[in-house]
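The values are calculated or read from the model by the stated rules, or taken from the named source; none is laboratory data. Predicted model only: the values in this text are computed from it and were never measured. Here the Cβ is made from the backbone with ideal geometry for all residues, glycine too, and neighbour counts use every protein chain on show.
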Amino acid sequence: MLAGALRQFPRKMWVYKHAADGLSIHETICRMADNEVIEYFHCRSLVANPDCTTRESESMEWFGRLGYVYQNIREAMGIIRALRPFTYHFLEKLPEDLWTRPTQHHVSLDRWLANRQSYYLKQIRGMERIYHGWLQATWSRRSARTAYKNAGFDAFVLRRGVSQVNQRSASGPI
């Protein structure tokens, strides 16, 4: 799903940010890779020690400190590609009672999985918003450049035309 979504966006815009404090598509993917590692650990801790209080990390706090813009996007996708099936096969073999087992400090595995499924959709929607912002900014810049170029040319022709007309009328009929 993620790889298919990424094919929609031209690579040249993956570093574009609509807002200074926002993420680019490149940074979003690196953040998703970090989150995949966190969730891999979280999932396993739900099974191994359901009453343990593990701190859930929000990688949004990290992105400014981790330099996502300098990280290799292929490696980030590799992390996701490796951990997703590994986690899937792990979950596939779990006994049914673990899925709905209430825990003292965590959500059930059912709820955790539902949150994970919506997470990817939300991230892809966010990438689509970044893309549309880039398109809008790109077309605005193109329109402004085109208008400036056209206005400059038209103004030159009109100025030149008006001055030639004024010269002709001052020198009498041709």
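Remarks
- Residue 148 vs. criteria within 23 Å of residue 35 (Cβ to Cβ) and either among the hydroxyl-bearing types (Ser, Thr, Tyr) or at pLDDT below 70 (or both): no
- With respect to (1) at pLDDT 80 or above; (2) in a helix (DSSP H, G or I); (3) of a type in the set (A, V, I, L, M, F, W, C), the lone exception for residue 112 is condition (1).
- In region 78-101, the residues that are over 11 Å from residue 40 (Cβ atoms), of a type in the set (D, E, K, R) and assigned to a helix (DSSP H, G or I): 81, 92, 96, 97
- Checking region 79-98 against the condition returns no match, with no residue being touching a residue at least 60 places away in the same chain (Cβ under 8 Å), over 13 Å from residue 39 (Cα atoms) and within 17 Å of the chain's Cα centre (by Cα).
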